[in-house]
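Peer 1: The structure is given below, and queries will be raised subsequently.
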Amino acid sequence: MWLTLRPVLRPKGSKGFVVLPRRWKVERSIGWIMNARRNCRDYERLPQNSEAHLNWAFITLMTRRLAQKGPRTDRWERKP
């Protein structure tokens with residue numbers, strides 16, 4: 001698998017806290033896979049093994065979501 005990584009840079013001339021686009025998606029995904037016990041620690045010696053465990057964590061996450069009954073009610077939406 002070939003991936004192209006593009007870093008999200010801060011806007012020029014900005015000071016203090018700035019919300020960066022797309023960064024929250026990565027941080028949210030990392031938070032989801034850290035629920036898998038084996039991903040919380042760096043047990044693996046080979047990167048291929050770590051990648052396999054990450055894939056397994058995402059597969060588990062997606063199958064649990066697909067198997068849920070009814071619509072999701074835990075969305076972060078503004079109430080009118």
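The values are calculated or read from the model by the stated rules, or taken from the named source; none is laboratory data. Quick caveat: nothing in here was measured; it's all calculated off a predicted structure. Cβ coordinates were reconstructed from backbone atoms using ideal geometry, including for glycine residues, and neighbour counts include every protein chain displayed. These area figures cover heavy atoms from the full protein model, side chains too; ligands, DNA and RNA do not enter into them. Shrake-Rupley method; radii C 1.70, N 1.55, O 1.52, S 1.80 Å.
Peer 1: Collect the residues in segment 36-60 that are over 18 Å from the mean Cα position of the chain (by Cα) and farther than 21 Å from TRP2 by Cβ, keeping them in residue-number order.
Peer 2: TYR43, GLU44, ARG45, listed by residue number.
Peer 1: Out of the residues in segment 1-29 that are among the hydrophobic types (A, V, I, L, M, F, W, C) and surrounded by 10 or more Cβ atoms within 10 Å (Cβ to Cβ), which is farthest from the chain's Cα centre (by Cα)?
Peer 2: From segment 1-29, those among the hydrophobic types (A, V, I, L, M, F, W, C) are 1-3, 5, 8-9, 17-20, 24, 26; that's our starting set.
If we keep only those that are surrounded by 10 or more Cβ atoms within 10 Å (Cβ to Cβ) too, we end up with 20, 24, 26.
Values: LEU20: 16, TRP24: 8, VAL26: 5 Å.
The qualifying residue farthest from the chain's Cα centre (by Cα) is LEU20.
Peer 1: If you don't mind, another one. For segment 13-28, how many residues are at pLDDT 80 or above and in a helix (DSSP H, G or I)?
Peer 2: 1
Peer 1: I've got another one for you. Return the pair list, or none, for Cβ contacts closer than 9 Å from residues in segment 1-12 that are farther than 15 Å from GLU27 by Cα and without any contact (Cβ under 8 Å) to a residue 40 or more places away in the chain to residues that are open to solvent by less than 100 Å² (accessible area, probe 1.4 Å) and part of a loop (DSSP other than H, G, I, E, B), at least 6 apart or on different chains.
Peer 2: Between residues of segment 1-12 that are farther than 15 Å from GLU27 by Cα and without any contact (Cβ under 8 Å) to a residue 40 or more places away in the chain and residues that are open to solvent by less than 100 Å² (accessible area, probe 1.4 Å) and part of a loop (DSSP other than H, G, I, E, B), the close pairs are LEU9/LEU20; ARG10/VAL18; ARG10/LEU20; PRO11/VAL18; PRO11/LEU20.
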